[in-house]
1. Can you give me the distance in nm between label points at residue 44 and residue 62, each placed 7 Å from the Cα along the Cα-to-Cβ direction?
2. Ignoring ligands, DNA and RNA, what percent of the accessible area of region 34-90 is carbon or sulfur (1.4 Å)?
3. Heavy-atom accessible area per residue, region 34-90, 1.4 Å probe: how many Å²?
Amino acid sequence: MVKIEKPTTGGKLPLTKPVIGVAGKTGLWRFMKPVVDVNKCTRCYQCEIYCPVNTIRVEPETGAVINYDYCKGCGLCMDVCPVGAITMVPEVGE
Ligand code: SF4
Ligand code: SF4
């Protein structure tokens, strides 16, 4: 039988945070774009925490703001938003 060791981190989750821009300008990968309705945004920080490229900043004054240079359009922020404040829309070419 495999023995499962107790975590040694004092009960804290071993979270890591990606570094913005570490994979280059991943905004070029995007074909769907997240759009935030700041009037619905409750500033809960879920999207900022879960964005895999760390490209969302939530501020009390602005709500969630996305840096589209790095947003790769994965849609995770829309999935985790508890109030449906983020919608994915087709990316329009320049
Ligand atoms: S779609 Fe949302 S979660 Fe995905 S990279 Fe863009 S901002 Fe981050
Ligand atoms: S998850 Fe939704 S409600 Fe929460 S900060 Fe992001 S956009 Fe706002």
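1. Modelled inter-label distance: 2.2 nm.
2. Carbon plus sulfur share of accessible area: 55 percent.
3. On the way: 3040 Å² over 57 residues.
Per residue, region 34-90 has 53 Å² of solvent-accessible surface.
The values are calculated or read from the model by the stated rules, or taken from the named source; none is laboratory data. What you see is a predicted model; the values in this text were computed from it and never measured. Using ideal geometry, Cβ is built from the backbone for each residue, glycine included, and neighbour counts are taken over all protein chains shown. Areas reflect the complete protein model, heavy atoms only, side chains present, ligands, DNA and RNA absent. Shrake-Rupley method; radii C 1.70, N 1.55, O 1.52, S 1.80 Å.
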